[in-house]
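Okay, structure first, notes after.
Bear in mind these aren't lab numbers, they're just calculated from the coordinates by the rules spelled out. Since this is a predicted model, take the numbers as computed values, not measurements.
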């Protein structure tokens with residue numbers, strides 16, 4: 001009998017604002033792609049968020065925090081949560097330099113391998129970079 005594996009994607013709009021729905025998703029989902037963690041401190045929070053999940057997370061704020069004086073609001077950050085009972089291993093494949101795309105490889109207990117790609121697509125603006 002095949003194993004049912006389900007996925008969700010969720011924009012936290014900051015860990016403090018979105019954690020309550022994340023708790024609900026952890027009850028029913030096997031994989032959760034999360035966007036907008038915002039800060040390095042929230043990476044630690046999400047890594048230790050739920051004992052049933054292995055987590056890969058990256059902050060988009062690391063370089064900005066290291067540069068000294070902060071101005072403006074926090075931004076970005078990605079995580080992928082994988083339920084430990086459905087995986088044998090969970091590894092990072094890559095992350096882009098702006099932390100807008102995070103890829104991971106999950107080897108399932110069934111022997112199958114799943115590549116998960118979490119992409120943060122902020123609101124469109126007219127800048128050259130966008």
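If I stretch the segment between residue 7 and residue 117 completely, what's the gain in nm (0.36 nm per residue apart, minus their alpha carbon distance), one decimal?
Working: separation 110, 0.36 × 110 = 39.60 nm, distance 1.13 nm.
Length gained, residue 7 through residue 117: 38.5 nm.
Please work out how much length the chain gains when fully extended from residue 88 to residue 21, using 0.36 nm per residue of separation minus the C-alpha to C-alpha distance, in nm with one decimal. Write out the running numbers ahead of the final one.
Details: separation 67, 0.36 × 67 = 24.12 nm, distance 2.64 nm.
Computed gain between residue 88 and residue 21 is 21.5 nm.
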